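The values are calculated or read from the model by the stated rules, or taken from the named source; none is laboratory data. Treat the numbers as computed from the prediction; the structure is a model and nothing was measured. Methodologically, a virtual Cβ is constructed for each residue, glycine included, from the backbone with ideal geometry; neighbour enumeration extends over all protein chains shown. Note: areas computed on protein heavy atoms with side chains; ligands, DNA, RNA excluded. Shrake-Rupley method; radii C 1.70, N 1.55, O 1.52, S 1.80 Å.
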Amino acid sequence: MLRLGFPVIGVVDLPRAVAFWTAALDLVPTAEWESENWRTLNHRDGSGRALALMRSESPAEPRPRLHLDLFVDTPEEQAAEVDRLLGLGATKVAWDLYPPDPDFIVLADPDGNAFCVVDLSKAPSGDHTSGA
């Protein structure tokens with residue numbers, strides 16, 4: 001039976017990406033399928049795989065068709081998490097596709113991969129899925 005695995009993010013600097021995503025999402029690296037070009041990150045509570053990182057030489061897409069949405073419940077939590085992620089090495093993306101009063105903020109990980117921090121109290125803002 002076919003089933004969905006987990007998202008894989010292409011990165012240039014694998015150790016830097018492991019450090020960012022484990023801190024950002026409270027994940028733990030695992031030795032499962034570990035190589036110089038691959039790391040699997042699991043949920044800290046042992047509930048399974050969450051994310052994989054794969055070494056890539058291609059540049060991050062400025063407007064990726066597929067991206068991660070990270071959820072929070074309030075505007076205050078969104079602001080706090082955006083600040084925390086920026087402190088971990090994320091950057092704000094100059095996003096020209098924001099709708100009026102968006103529920104999301106577009107950031108990029110240290111490798112330039114765009115992702116969104118979505119405030120579920122305002123979701124959906126409409127067309128954010130066609131953006132980052």
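Under a point spin-label approximation (7 Å from Cα along Cα-to-Cβ), what is the residue 25-residue 97 distance to one decimal in nm?
2.1
With the cut-off at 1.5 for a/c, could you classify segment 1-78 from its C-alpha gyration tensor as rounded, prolate or oblate?
Note, shape of segment 1-78 comes out rounded.
Report, in degrees rounded to the nearest 10, the 0 to 90 angle that the Cα long axis of helix 75-88 makes with the longest principal axis of the chain.
On a 0 to 90 degree scale, this one is about 40.
Calculate how steeply helix 14-25 sits against the longest principal axis of the alpha-carbon atoms of the chain, using the helix alpha-carbon long axis, and give the answer as 0 to 90 degrees to the nearest 10.
The helix 14-25 is inclined about 50 degrees to the chain.
Leaving out ligands, DNA and RNA, and with a 1.4 Å probe, what % of the accessible surface on the chain is carbon or sulfur?
About 55 percent, which is the carbon plus sulfur part of the accessible surface.
Let me make sure I get this right: for segment 58-112, a, b and c are the square roots of the gyration tensor eigenvalues over alpha carbons, sorted descending. Under 1.5 in a/c it's rounded, otherwise prolate if a/b > b/c, else oblate. Which is it? Numbers along the way, then the final one.
Values: a/c = 1.99, a/b = 1.26, b/c = 1.58.
Oblate is the answer for segment 58-112, as a/c is 1.5 or above yet b/c matches or exceeds a/b.
Determine Rg/Rh for the chain; Rg is computed over alpha-carbon atoms and Rh is the Kirkwood hydrodynamic estimate from the same atoms.
Ratio value, two decimals: 0.97.
Using the Cα centre as the reference, give the magnitude of the dipole from point charges on the C-beta atoms of the chain (Lys, Arg: +1; Asp, Glu: -1; all else neutral), rounded to the nearest 20 debye.
380
Please give the per residue accessible area of segment 1-85, computed with a probe of 1.4 Å over protein heavy atoms only, in Å².
In whole numbers, segment 1-85 has 67 Å² accessible per residue.
Ignoring everything except DSSP H segments at least 4 long, calculate the 222 nm mean residue ellipticity for the chain; use -39,500 (n - 2.57) per segment, divide by total residues, nearest 500.
Details: 2 runs with 26 residues, N = 132.
Mean residue ellipticity, 222 nm, calculated: -6000 deg cm²/dmol.
Name the residue, out of 17, 52, 79, whose mean-square fluctuation peaks in a Gaussian network model built on the chain with Cα pairs under 10 Å.
79
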